[in-house]
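The values are calculated or read from the model by the stated rules, or taken from the named source; none is laboratory data. This is a predicted model, so every value here is computed, not measured. Ideal geometry is used to build each Cβ from the backbone, glycine not excepted, and the neighbour counts take in all protein chains shown. All accessible areas refer to the heavy atoms of the entire protein, side chains included, with ligands and DNA or RNA removed. Shrake-Rupley method; radii C 1.70, N 1.55, O 1.52, S 1.80 Å.
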Amino acid sequence: MNVLARLLCGFLLLFMPLEGLSKQKILVIESYHQEYSWDKSYIEGLESVLGENYQLTYFEMDTKRIPVSRHRSRGELAWQRYLDVKPDLVILGDDNALKYLGSRFAKTPLPVVYLGINNNPRRYHVHQRHNITGVLERPLIKRSISSIKPMFPEGLNRMLILFDDGTTAKTVLQEEFGGESQLSVSGVKLDLRLISRWDDWQQAVSSAKEQGYDAIAFGLYHTLRDSKNKYVEASEVIEWSSQHTPVPPFGFWDFAVGKNKTIGGLVLFGFEQGRIAGELAHSILTTDVEPHTLGPITAEKGRYLFSRSQLERHHLTLPRKMANKASFVE
């Protein structure tokens, strides 16, 4: 082939529609499920970066809704999906995917990007593995409490923080509270409770005021089970909690903010986790960079997000500086 012909081929390839080329495959293994608001949000972030140029395939481990006894078997099914798909890169969403699959992928040459990781990656035996990097998620409990304190002119003295007893909640207890169930932040006495049963959660919410709390925060509420050991839908939990709390409710993630949810606060966004993970994946697949040299990266430090109707319902007003920085739903 002469020089002119080679130049012509290169020119045609440059302008060939991307659909005509074979797209690289990315397998996204979700710890949870696609109906979960967090997963929806980070998937939007991933697809905003990768959706045009890559073929994305998903596997849901569903570990929010199924018993812990089945988590490992879901990890085995996820591994089988990887063997079937033969992707060019794998993305592991949240701690359970990394917990059950990280060390196995570390023994392969396949590039892996994780996201939404609350625990220290060292605990999953992937720290400084050449083929693995990702995005860390750090709940903003302490900063959030400090920021909402000025909203209580008569004082915010005691606050109850409720979580389910899933992997993320247990990690928060260890990382943020040092394994303790009580902490003082900016003069506010915090009580953290990890709850597995729906009736215990309801009792904690409805009795918050008589127990001496000025406010309550709903962290994660996605693994609760009723007296028959049946999974309770997260939407039911947050709506009931919003309606029955006798004290103002706050949240630490964007999906917990809204009319029938919480007032909000300084929150994390799943979209940002997905966007950063997508950028890492794209860099790895388009360059010769070793994944471990790119991270891990801690995502954004949070943004103020509030529900107008919830603020009005609980007769709270944002300080001017906070209101100027905040976004609002409704």
Other-chain or far-sequence residues with amide H under 5 Å of Val185's (modelled H): Leu190
Loop-located trypsin sites (Lys or Arg not before Pro) in region 144-244 whose Cβ has at most 15 other Cβ within 10 Å (DSSP): Lys209, Lys228, Lys230
Rounded to 5, percent antiparallel among DSSP beta bridges of the chain: 20
Taking the C-alpha atoms of region 41-89, convex hull volume expressed per residue in Å³: 78
For region 178-186, Karplus couplings with θ = phi - 60° (6.51, -1.76, 1.60), whole Hz, Gly/Pro x: x, x, 8, 9, 9, 7, 10, 10, 6
For region 187-201, 3J(HN,Hα) per residue [Karplus equation, 6.51 cos²θ - 1.76 cosθ + 1.60, θ = phi - 60°, Hz, x = Gly/Pro]: x, 9, 7, 9, 10, 9, 10, 9, 10, 9, 9, 4, 5, 5, 4
Structure-based [θ]222 nm, the chain - -39500 (n - 2.57) summed over DSSP H runs of at least 4, per residue, nearest 500: -11000 deg cm²/dmol
Cα-derived Rg to Rh of region 48-157, Kirkwood definition: 1.12
Probe 1.4 Å, protein heavy atoms only - accessible area per residue of the chain in square angstrom: 48
Apportionment of accessible area to carbon and sulfur, the chain, percent (1.4 Å): 49
Loop-located trypsin sites (Lys or Arg not before Pro) in region 254-330, at most 12 other Cβ atoms within 10 Å (DSSP): Lys301
Asp94, Asp88, reordered so the largest accessible area comes first (probe 1.4 Å): Asp88, Asp94
GluC sites (Glu not before Pro) within region 154-213: DSSP coil, no more than 16 neighbouring Cβ in 10 Å: Glu154, Glu180, Glu210
Using θ = phi - 60° and Karplus 6.51 cos²θ - 1.76 cosθ + 1.60, couplings along region 315-328 (whole Hz; Gly, Pro as x): 6, 10, 10, 7, x, 4, 4, 5, 4, 5, 9, 7, 10, 10
Per residue convex hull volume, Cα atoms of the chain, in Å³: 158
Overall dimensions of region 156-235 by Cα: Rg and Dmax, Å: 12.8, 41
